[in-house]
Amino acid sequence: MTTSSDTDPTGQVVPWRHLLHEIAETAFDEHRTAAAVAEILRSLGLDVATGIGGTGVVGTLDRGRSGRTIALRADLDGLPIHERTGLPYASRHDGSMHACGHDGHMAMVLGAAAALAADAAADSGADGIVRFVFQPAEEPGRGAEAMIADGLLDRFPIDAIFGLHNIPGLPAGRLHTRSGAIMAGEDNFTITVTGRGGHASTPHLVVDPLVIGAQIVLALQTVVARSVDPIASAVLSCTNLTTDGARNAIPTTVRITGDTRNFDPAVSDLLEGRIREIARHTALAHGGSAEVTYTREFGTTVNDPEMTAVAAHAAHRTVGDRRCEADTPPIMGSEDFGRYADRVPANFTLIGNGAGGEVGGVPLHSHDYTFNDAILPIGVAYYRNVVHRMLAE
Ligand SMILES: [Zn+2]
Ligand SMILES: [Zn+2]
């Protein structure tokens with residue numbers, strides 16, 4: 001049986017979350033946040049390394065002789081959003097807000113560090129090394145790769161890595177995971193259509209890129225409907241269209257930006273190929289030209305079956321069988337965690353932040369989103385159970 005003194009021996013997990021919330025910082029600028037995290041880890045007696053991949057922090061708890069190593073990962077960054085929660089601990093950094101709950105993810109991993117350090121002091125529970133990884137810049141999908149490029153996995157070898165993300169709309173404290181792809185990959189594209197602008201009254205003397213751009217946007221709607229295998233999943237969204245025209249002048253250039261999601265690199269390649277073909281040939285058919293840039297922003301997060309069995313066991317121990325799910329449907333959102341899962345056996349699990357209308361039910365990335373403090377002890381207990389299972393004596 002887990003008690004609150006097991007999961008929060010310092011009694012500081014909620015205050016840590018509020019402190020981190022107040023000092024929200026955006027991607028790669030998380031200097032004060034990283035310093036606060038490092039200070040807490042040191043106060044728990046852990047070895048701490050800082051400045052990995054920018055502001056990344058790794059705390060290490062070495063508690064035995066087995067040599068087995070497990071990592072728990074949290075994310076340091078907030079979003080460039082002006083907070084409107086009215087909370088007493090609202091962000092003091094105007095224009096930066098923890099609107100994705102990364103403050104809560106940090107507090108859960110710090111709480112796990114405190115609980116596991118207390119277990120180690122009492123010489124109970126596990127034999128091995130636990131690393132607490134705090135990465136920068138999850139939101140733009142660059143921080144995990146930055147830490148890996150800076151030698152994270154060479155300097156701090158790990159056998160497995162685990163992470164959590166809070167999910168508004170899922171009842172508070174539920175733990176859902178699945179083997180295989182759990183979060184989609186994200187690609188972005190920009191199509192630049194070039195025509196020849198001119199007077200709005202002389203369409204016969206111009207090549208109108210706006211008409212071409214409009215046809216491209218509509219033709220792109222056929223890619224998922226007609227080219228992607230219906231059993232696979234994909235999204236293709238055009239998200240912005242700008243021109244250099246004026247009310248009475250036909251533009252020369254149209255720029256279309258967009259975002260695609262998928263669970264399979266082959267589908268990602270198919271989307272890229274169809275976007276390039278449709279843009280190029282539609283423009284050519286009307287006497288214009290089109291250039292396409294296509295970038296891969298987030299890889300798919302793919303859960304390892306064995307690590308998912310560990311996660312499911314820990315979830316079951318933490319919240320009981322009626323509040324966990326080991327084969328939840330994947331979601332179309334994207335996560336930087338996939339970069340670790342590409343290299344190390346990994347599991348990513350979703351923790352309910354509160355159903356709609358309840359505390360924690362406001363969607364992620366909203367200016368009035370709130371992380372639900374009630375789920376902090378559940379996240380801490382879950383991580384502790386994962387580590388105990390992985391590093392069982
Ligand atoms: Zn986010
Ligand atoms: Zn997030």
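Numbers at a glance
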| read-out | value |
| --- | --- |
| From phi via Karplus (6.51, -1.76, 1.60), per-residue ³J(HN,Hα) for region 175-186 in Hz, x at Gly/Pro | 10, 10, 8, 7, 7, x, 5, 10, 10, 6, x, 10 |
| Simple spin-label estimate for ALA214 and ALA49 in nanometres, 7 Å along Cα-Cβ | 5.7 nm |
| Qualifying trypsin sites (Lys or Arg not before Pro) in region 50-83, DSSP loop, other Cβ atoms within 10 Å at most 13 | ARG65 |
| Cα long-axis angle, helix 209-222 against the chain (0 to 90 degrees, to the nearest 10) | 50 degrees |
| Residue-averaged 222 nm ellipticity for the chain, from DSSP H runs of 4+ at -39500 (n - 2.57), nearest 500 | -10000 deg cm²/dmol |
| Relative exposure of THR301, THR257, THR318, judged by other C-beta atoms within 10 Å (fewest first) | THR257, THR318, THR301 |
| Positive dipole terminus of region 186-298, leading residue within SER233, LEU210, THR293 (C-beta point charges) | LEU210 |
| Length released on extending from SER201 to VAL14, taking residue separation times 0.36 nm less the Cα-Cα span | 60.8 nm |
| Residue order, fewest to most beta carbons within 10 Å, for GLU306, GLU325 | GLU306, GLU325 |
| Those trypsin sites (Lys or Arg not before Pro) in region 242-351 that DSSP places in a loop and that have at most 15 other beta carbons within 10 Å | ARG247, ARG343 |
| ³J(HN,Hα) computed for each position of region 381-391 - Karplus, 6.51 cos²θ - 1.76 cosθ + 1.60, integer Hz, glycine/proline x | 5, 4, 4, 4, 5, 4, 5, 4, 5, 5, 10 |
| Assigned charges on the beta-carbon of Lys, Arg, Asp, Glu; the chain dipole about Cα centre (debye) | 520 debye |
| Placed amide H near ASN166: partners under 5 Å, 5+ positions off or other chain | ILE351 |
| Separation between Cα centres of region 66-109 and region 1-63, rounded to whole Å | 11 Å |
| For region 186-298, size of Cβ-based charge dipole, Lys and Arg +1, Asp and Glu -1, in debye | 420 debye |
| Label-point gap, in nm, between ALA121 and ASN240 - each point 7 angstrom along Cα→Cβ | 5.0 nm |
| Positive-end residue of ALA160, ALA114, PRO140, charge dipole of region 113-196 with Cβ unit charges | PRO140 |
| Cβ crowding within 10 Å averaged over residues, with 170-178, 45-53 ranked highest first | 170-178, 45-53 |
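None of the figures in this text is laboratory data; all of them are computed from the coordinates on show. Everything numeric here is computed off the predicted structure, so don't read it as measured data. Backbone-built Cβ (ideal geometry, glycine too); neighbour counts: all protein chains shown.
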